[in-house]
Amino acid sequence: MHNLSRLCLALLAALAGSAAQAQEVTFEHLCEFVKKDSGAEKSADEKTGAAELAGPPFQVHSIEIVSNPIFDENAPDTIWVHHFANWLHINSKESALRKELSIKPGEQVTTDDLAEAERLLREKSYVRDARVSVVEPCHPDGSKSVKVETWDNWSLLPNLGLGRTSGKNKYSFGFKEDNFLGYGVRTSVKYQSDYLRQGYEFKVSSPLSLLGYPELDHSYVDLEWTENNDGRRTQFQLEKPFYQDSTERMYKAGWLSDERLDQIYHNGELENRFITLQKEIDLQTGWLLDYRERTSLRLLAGYSSQQWQFTDDPFQPSLALPEDRSYQYPWIGLDYKEHKYQVLSDVYLINHSEDINLGWHHQARIGVQTSDLANDETLGYQAHWLSEKGFGDSEHLTLLALQLDAMLGIHGGDQIIASAKAEDFYRLSKEFTFYTKLQYDQRSRNYLDQPLDLGGETGLRGYPVQYQQGTQRWLSTAELRWYPQINIYQLLDMGFVAFADAGRASGGDIEQNAELNGLRSKADLLAENYTEQWIGSVGIGARFYSSRSSNNHVIHVDLSKPVGGAKDVNSWEIQLKVEERF
């Protein structure tokens, strides 16, 4: 009513003025008045963000892009490092950001479209945060101007890594650039060594929109080349994804060749080793069948070829070789997604905006294979099902996931894999969160090169890698997380945790004839677990997260003590590693 009254008064004043001066009252007068009225109630720095906007669709008149530096030099804790970093860093180019935008001038957009534009920009590793806002209430034609602000991450990173987990050391050194010259190109070169292998790795990922063809907007190419002491890995992928919720078509083509020495651990010791040659071809396309305000339904189709061949390690005989596998099949599927994104904080990272989808997501695929079948079978089947759902808000969040994969009628035997996971984040206060996770996995059988294992690398802190093996696995975790709001010179956010883990892997047939002769084995395990009981650990840890780095990695430092009936494990374990979550 207040704005309506002011508008009526403005009309009367304008009419009176026009009668005296014989000047026509136009739409520009009304727009100008609304702008002045808005300015009287809002400061010049205030703007309406996508999350706060409401109203009918409107036409985009123009888009202004502002790329902000990494550090706020007006912050009270600014030091010379921040000035130097901003000077050295090349900000994201306006042209590159414009090509990554999901909205364009002249389009009709809604508030959901603006929120989606923010989310898609935040998904870029080189963008720390993004804000899309309406800066002018109207133009003579009723359209509105949009302002896009981004804040860069530091993208040129030395790759210096040291870690120790489950009694094994690993290290790496090199460099990576996630925003080469400000154009969104990602490159990395490094030397790495862990308990499995050591060698050199080169990666590059680039948006194809840099070529200047509009039809290549939101298309990407990825290339990886790795030379290790045990083999070579080459991977290529070309993809035009469903970039927006409303994108109508998707294409993807990928190729992989990977030769490596696989080492399988069990009961805290090296149990088996063999040479693996893996080759894959992946072709996909998709169509948007239906899109509404909050849901999308897509039709997917493709062709997959996957081959694994296993041979003895020439320097040390294998205890037993897995059976060779070959899958070649066309497939068709459906993808249903409910778009209910919320911008939350302190979920997987520390003091960082995270886009979490709380809507349903279902994906189903079915493929038919005509070669490499089991005896007396004329057709083989490959099936996949995935369901995900989130509940809650920033105070209490629950995330659920269920996945089922089945390979039936295939040479080597049927395989059914089921996995269920539930995570709960309960906010006790601004500084404390209680986190719990329960995960269950089950298989109808194990492949010797892909054991279902439980250990330090699969969530049971304080234990050797692949300590227990089986065809079913339980894993539960409880953590009290402390976010003390400690930020070290805008460089590192800190967190602390007290945790308890418990789990068990069991079940499966044990090979009775395993000797050093490289026999082909269909068994699930080559030896019994030292214990079939539940095992666990308790401990404390620290977390370090650089919110201004394009890595989005969290450094973990954990001190854990194993508990339960495990044998031949350390009484205390200090763990240093880099993860992608708290």
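No lab work stands behind these numbers, since they all come straight from the coordinates. Bear in mind the structure is a predicted one, so any value in this text is a computation, not a measurement. Note that each Cβ is placed from the backbone with ideal geometry, even for glycine, and that neighbours are counted across all protein chains shown.
For the chain, take the longest principal axis of its alpha carbons; what is the angle in degrees between that and the long axis of helix 2-21, to the nearest 10 within 0 to 90?
Rounded to the nearest ten degrees, it is 40.
Relative to the Cα centre, what is the charge dipole magnitude of the chain, using +1 at the beta carbon of each Lys and Arg, -1 at the beta carbon of each Asp and Glu, and rounding to the nearest 20 debye?
560
What does the stretch 264-333 give for Rg and for Dmax, in Å, if only its C-alpha atoms count?
20.0, 60
For the chain, what is the percent of antiparallel DSSP beta bridges, rounded to the nearest 5?
Close to 95 percent.
So what is Rg over Rh here for the stretch 248-289, counting just Cα atoms and using Kirkwood for Rh?
Answer for the stretch 248-289: 1.34.
What is the stretch 273-401's relative contact order, in percent, from Cα pairs under 8 angstrom and six or more apart in sequence?
Once divided by the residue count of the stretch 273-401, the mean separation gives 19 percent.
Select from the stretch 361-430 those GluC sites (Glu not before Pro) which occupy a DSSP coil region and have at most 15 other Cβ atoms within 10 Å, ordered by residue number.
Passing sites in the stretch 361-430 are E377, E395.
Give the range of the longest stretch in the chain that excludes all trypsin sites (Lys or Arg not before Pro) found in loop regions by DSSP and having at most 11 other beta-carbon atoms within 10 Å.
The longest uninterrupted stretch comes out as 43-291.
Under 8 Å for C-alpha pairs, at least 6 residues apart: give me the relative contact order for the stretch 466-582, rounded to a whole percent.
Across the stretch 466-582, relative contact order equals 23 percent.
Can you give the convex hull volume of the alpha carbon atoms of the stretch 287-372 per residue, in Å³?
Working: hull volume 15.8 nm³, N = 86.
Value for the stretch 287-372: 183 Å³ per residue.
Which shape class applies to the stretch 241-579: rounded if a/c is under 1.5, otherwise prolate when a/b exceeds b/c and oblate if not, where a ≥ b ≥ c are the square roots of the Cα gyration tensor eigenvalues? Display every interim value, and only then the final one.
Working: a/c = 2.00, a/b = 1.13, b/c = 1.78.
It is oblate, given that a/c is not under 1.5 and a/b is not larger than b/c.
Once label points are set 7 Å from the Cα along Cα→Cβ at both A374 and H139, what is their separation, rounded to one decimal in nm?
For A374 paired with H139, the spin-label model returns 6.5 nm.
Among the listed pairs K203/K279; K203/K252; K147/K421; K99/K170, which have their C-alpha atoms separated by more than 29 angstrom in this model?
Numbers: K203/K279 19 Å; K203/K252 19 Å; K147/K421 40 Å; K99/K170 39 Å.
With Cα atoms farther than 29 Å apart: K147/K421; K99/K170.
Could you tell me which of rounded, prolate or oblate describes the stretch 460-582, using a ≥ b ≥ c as the square roots of the eigenvalues of the alpha-carbon gyration tensor, with rounded for a/c under 1.5 and, failing that, prolate when a/b is larger than b/c and oblate otherwise?
It comes out prolate by the Cα gyration axes.
Residue farthest toward the positive end of the dipole of the chain, with Cβ of Lys/Arg at +1 and Asp/Glu at -1: which of V465, M494, G174?
The listed residue farthest towards the positive side: M494.
Which three extents, in angstrom, do the Cα atoms of the chain have along their principal axes, listed largest first?
For the chain, the Cα extents along the three principal axes come out at 107, 57, 41 Å.
Give the relative contact order (percent, whole number) for the stretch 241-579; include only Cα pairs under 8 Å separated by 6+ residues.
12
Of the options S102, S326, H139, report the single residue whose Cα projects farthest towards the positive end of the charge dipole of the chain (beta-carbon charges: Lys, Arg +1; Asp, Glu -1).
Positive-end residue among those listed: H139.
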